[in-house]
Amino acid sequence: MEDSKAARILLRAAEEDRFPQSVILTARDSVALEAMAERLAARLLELAAPADAKVPSLQNHPDLFTLRPAKKMRQISAENTRELIRNIQHSPRFSRKKVALILEAERMHTAAFNIFLKTLEEPPADTVILLVTAQPYGLLPTIRSRCLTFRFPDGAETNPSPAVSEWVQLYRRWLDRLTAGVRDAQTVSAVTMSAFGLLTRFQETLDAETKQTWETTKANLPSNLDDDQHNALEEGLKVTVRRRFLLEIERATHRHARDIAQRGEPLPAAALAEAVSHLEACAGLLRVNLKEQTALEHFLLYSLRLWARR
């Protein structure tokens, strides 16, 4: 993300002291996006710091105000939004600027959105508001219309872990077997059992990836997070790891369709579109708490019918 056009524009704007007051930062990879947002915040605060002063760490900077989802529902409440608004009304304590960093901004409660709207209409002096979200259309249109939006790369350059790569290879081989032909009961049984094998391994891989990522992440968390914020952050990270995994499945499906075309066969554009559409529908159901295994089971069985040749 740091080499993207959006990052270059914003970093240059910070250096030239012409950074917009209200900005939406968005990308599909919310972990990388949050890191990019923190880099921008640090840059704004460092540039605005008094000359030859020792700059506090970002986690403890008195002019950085972070708002993130909390509690089991993983929402940003109206009460916490009011507290943020009160904090940014005061003059900066160290830098010449203040930064309000709102993570997973789409998780704002409707009341919080409405409370925050007036602040976006008339931001306090010397304040930059960064709304960070992987789902920009989860923000109210009135919020989006009052901010400049910068979209970052979706992480296509990021290499998946060895465990995820291994699962994706098994999935590709399964698709290849389907397109080679399913003409008898024995083959139908084999590919169906393979689908359920993929399903079991998907859950095991996802759980292991989530645990490993959380262990790495929590070591670098701010010390001032309360239990509700801590739990909400862990849940949010689980969603991000799952989203990355589903993105790798989508890419593998694209590569499968491309390989068919490269063999001189007609590009299965309709099948590809249906597969991606169904995967996105499953991802949407996961956001409303459908079980992961149930969602992927639907996708794999749908794929079996979609790609199998008889």
Taking the condition of being surrounded by fewer than 22 Cβ atoms within 10 Å (Cβ to Cβ), touching a Lys or Arg at 6+ places or on another chain (Cβ under 9 Å) and not in a helix (DSSP H, G or I), how many residues in the range 25-51 meet it? 5
Evaluation of residue 19 against (1) under 23 Å from the mean Cα position of the chain (by Cα); (2) assigned to a loop (DSSP other than H, G, I, E, B) (one fails), failing number: (1)
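Here's the yes/no breakdown for (1) at pLDDT 95 or above; (2) closer than 19 Å to residue 245 by Cα:
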site	(1), (2)
161	no, yes
167	yes, yes
178	no, no
188	no, no
191	no, no
209	no, yes
When residues of the range 71-121 are limited to those that are among the aromatic types (Phe, Trp, Tyr) and more than 21 Å from the chain's Cα centre (by Cα), the one surrounded by the fewest Cβ atoms within 10 Å (Cβ to Cβ): 94
Going through (1) closer than 29 Å to residue 77 by Cβ; (2) buried (at least 17 other Cβ atoms within 10 Å of the Cβ) one by one, residue 227 fails only at (2)
Consider residue 203 carefully, then state whether it is touching a residue at least 24 places away in the same chain (Cβ under 8 Å), assigned to a helix (DSSP H, G or I), touching a strand residue (DSSP E or B) at 6+ places or on another chain (Cβ under 6 Å) and polar (S, T, N, Q). no
Suppose we keep only residues that are part of a loop (DSSP other than H, G, I, E, B) and without any contact (Cβ under 8 Å) to a residue 40 or more places away in the chain within the range 269-310. Which one would you say is surrounded by the most Cβ atoms within 10 Å (Cβ to Cβ)? 290
For the range 299-310, which positions are over 23 Å from the mean Cα position of the chain (by Cα) and closer than 13 Å to residue 196 by Cα? 300, 301, 302, 303, 304
Return yes when residue 223 is in a helix (DSSP H, G or I) and of a type in the set (S, T, N, Q) and no when it is not. no
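The values are calculated or read from the model by the stated rules, or taken from the named source; none is laboratory data. What you see is a predicted model, and the numbers here were worked out from it, not measured in a lab. Here the Cβ is made from the backbone with ideal geometry for all residues, glycine too, and neighbour counts use every protein chain on show.
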